[in-house]
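No lab work stands behind these numbers, since they all come straight from the coordinates. The structure displayed is predicted, hence computed values, not measured ones. Glycine also receives a Cβ, built like all others from the backbone with ideal geometry; neighbour counts cover every protein chain displayed.
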Amino acid sequence: MFRISFVFLSALLAVQVLAVSPASAQRGHDACARDVTRFCRAHLHDGDSVVLECLKQHRARLSKACDKVLTDNGQ
């Protein structure tokens, strides 16, 4: 069930960019999966935008890889 939410999060991040390859979306998922589980697990069923906002609220505590994905996608 959590895996589906991670896929939706990856898709949400991919949509934020004008041209995103499938490989780039997968890297976003891989980079942020642990952070989503760690900081935003309670919001997984609240929708992708809520999870994204949760990640942004925990920005200072995110892994460097996830922070880079958000930055690269205009977040």
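Miscellaneous remarks
- In order along the range 51-65, phi translates into HN-Hα couplings of 5, 4, 4, 4, 4, 5, 5, 9, 3, 5, 9, 6, 5, 4, 5 Hz, rounded to whole numbers, per the Karplus curve 6.51 cos²θ - 1.76 cosθ + 1.60 with θ = phi - 60° and x for Gly and Pro.
- Listed by Cβ neighbour count within 10 Å, with the fewest neighbours leading, LEU55, LEU62 appear as LEU62, LEU55.
- Ranking of SER49, SER63 by count of other Cβ atoms within 10 Å, fewest first: SER49, SER63
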